[in-house]
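First the structure, in the form of structure tokens, and then the observations on it.
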Amino acid sequence: MSIRLKLLLSYTGMLVISLLMFFLTAVLITIATTGDLHSFRDFYKVHYQLNPLTEEEESIFLELKYLAKNSPDELQDEQLLKDYDFQLRTVRAGLFIRRESNQVFASETFHQPDLAKHLPGYDLNNNQIRNTFNIGERFYAYAKFDFHYTDGAKGSVFVIRERSPFAEVTRRLLPILLILLIGFIVIANILLYRWITRSVIKPLDSMRHSAEQIKEGNLDFSLDLSSKDEIGQLNEAFENMRKRLQESVALRLQDEENRKELISNISHDLRTPITNIKGYIEGIRDGVADTPEKMDKYVNIIYSKAVDLDRLVDELFLYSKLDLKQVPFTFEHVEIVPFLDDCIDELHYALEKKGIEIGWGERIDADTKVIADVEKVKRTLLNIVENAQKFMDKENKTIQLSLQSDPQWVTVEIRDNGTGIPPEAVPHIFERFYRAEQSRNSSTGGSGLGLAIARQIIEGHGGSIWVESEPGAGTSLFFTLKRANAQGGADSHADNHLDH
């Protein structure tokens, strides 16, 4: 059974029960008041029919009734009638006496010239001595007693009290009011059912439709999050789940694309040295290297290509381990200036043979310490310098190291005066196997993994790495390392990376 049907049945049940309880209560009140179920249709008249007078008025009426039975002619005594009328007027009632069709006495309380015309006729059996009547918009309740005078003439004594017009209006309109009340209950239940349906069923239907779309693999939609109740919270959680799924699918597709690109790049970069090795070996087998000098040349080339191949495999293995967070970092407090001095000294002689001068630009205090894995930061610096030296086109080739610091970080800059990087290539230089198109050839060499490895190492330190370049003028590559005395607990930062 659907929730919509359950709600419909529950609200219908509530409506039926409410109406039954209403009618049952009315019936019980009628029975308790009248003792007669048949008078239910006249329920609104019952009270004034049975109790038209107050207690004081009823007492005077009984005295007049006694006189009518025992001394009816006294009811023609004007002074006596005025005395009784005075007593009734003090309690806001009045007296009316008639003889046949003539008026014997009428109280000044009513000011109704047509009062006699609206009074009921004679009922000498006195079957109904209490009732109500109205004159225009004025409503009256009375108690009467019909009798015979001693000469046989018919007479009536009335004790009349004016009631609130509102009570008469209510009496007349009570059936309509009851219908309106029932209609209000029905309409209220329908509106409540519609509101609950719209606020619960509609969002659930939307979520069901969304779940079906997700099942079909469609994640390009969004849910309305306007509601703030429990359904809205569920909607929001479902929308967050959809976004996470969409991100996961996008990431999986990107990983798949990266995997294809990785395989393509690996194939390309491995094929080149392998093809060269095969070519020179075939040359040796075919007797092309027919002199010791050629043989030595071929062997040296084969060895150089094998070294390049071994290095490419090592860098690929290192990148994969860094990417999977499987390379442990050994952090320690390192004085950054002496550390970079050692790196410059180590690189100086190799770069000098290529006509490249390496040295300092801007420096900071020599005792400034950073948190670093010495071997991996050194590997980062070597990869950056090795990448820079391939694109030096000036007569005076220079590479400069500069340092800047703030309370949290030390920023290392490696600047060269080479060819620079095209603007469209700058966002991609840290991607694995990426090389600017003009340099993707054997003349410059390189695995295309050097800067990707550098980024993995620096990010493993909690720092960041970026590049700024001006084509034709040179390139500056920056990376940051956290200071050892930085606020926020440098030691704990280091400990968090020891398990990588």
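The values are calculated or read from the model by the stated rules, or taken from the named source; none is laboratory data. All values reported here derive from a predicted model rather than from experimental measurement. Backbone-built Cβ (ideal geometry, glycine too); neighbour counts: all protein chains shown.
Scanning segment 276-310 for residues that are surrounded by fewer than 14 Cβ atoms within 10 Å (Cβ to Cβ) and under 60 Å from the mean Cα position of the chain (by Cα) gives Val307, Asp310.
The residues on offer are Leu95, Leu75, and the sole one that is closer than 12 Å to Val157 by Cβ and outside any helix (DSSP H, G or I) is Leu95.
Exactly one residue among Ile344, Ile371, Ile356, Ile336 is under 22 Å from Leu451 (Cα atoms) and in contact with a Gly (Cβ under 8 Å, 6 or more places away or on another chain), and that residue is Ile344. Residue count for segment 279-294 satisfying the condition of being within 16 Å of Ala306 (Cβ to Cβ) and touching a helix residue (DSSP H, G or I) at 6+ places or on another chain (Cβ under 7 Å): 4. So, of the residues in segment 136-178 that are among the β-branched types (Val, Ile, Thr) and at pLDDT 80 or above, which turns out to be farthest from Thr25 (Cα to Cα)? Among those residues, the one meeting the criterion is Thr150. Condition (residue is crowded, with 16+ Cβ neighbours inside 10 Å, touching a helix residue (DSSP H, G or I) at 6+ places or on another chain (Cβ under 7 Å), in a helix (DSSP H, G or I) and at pLDDT 75 or above) applied to segment 241-253: is it met by at least one residue? Yes. Please go through segment 278-309 and give me each residue that is of a type in the set (D, E, K, R) and either in contact (Cβ under 8 Å) with a residue 12 or more places away in the chain or outside the structural domain of Ile263 (by TED's automatic domain parsing) (or both), ordered by number. If the condition is that a residue be of a type in the set (D, E, K, R) and either in contact (Cβ under 8 Å) with a residue 12 or more places away in the chain or outside the structural domain of Ile263 (by TED's automatic domain parsing) (or both), then Lys305, Asp308 are the ones that fit. The residue that is surrounded by the fewest Cβ atoms within 10 Å (Cβ to Cβ), among those in segment 105-143 that are free of Cβ contacts under 8 Å to residues at least 40 places away in the same chain and in contact with a Pro (Cβ under 7 Å, 6 or more places away or on another chain), is Glu137.
Residue-by-condition table, conditions (1) surrounded by 15 or more Cβ atoms within 10 Å (Cβ to Cβ); (2) modelled with pLDDT under 90; (3) basic (Lys, Arg); (4) more than 22 Å from Ile429 (Cβ to Cβ):
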{"site": "Leu347", "(1), (2), (3), (4)": "yes, yes, no, no"}
{"site": "Gly355", "(1), (2), (3), (4)": "no, yes, no, yes"}
{"site": "Thr368", "(1), (2), (3), (4)": "yes, yes, no, yes"}
{"site": "Asn383", "(1), (2), (3), (4)": "yes, yes, no, no"}
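Where residues in segment 385-399 are of a type in the set (D, E, K, R) and touching a residue at least 40 places away in the same chain (Cβ under 8 Å), which of them is nearest to Phe430 (Cα to Cα)? The selected residue is Glu386. Filtering segment 182-217 to residues that are outside any helix (DSSP H, G or I) and of a type in the set (Asp, Glu) leaves only Glu216.
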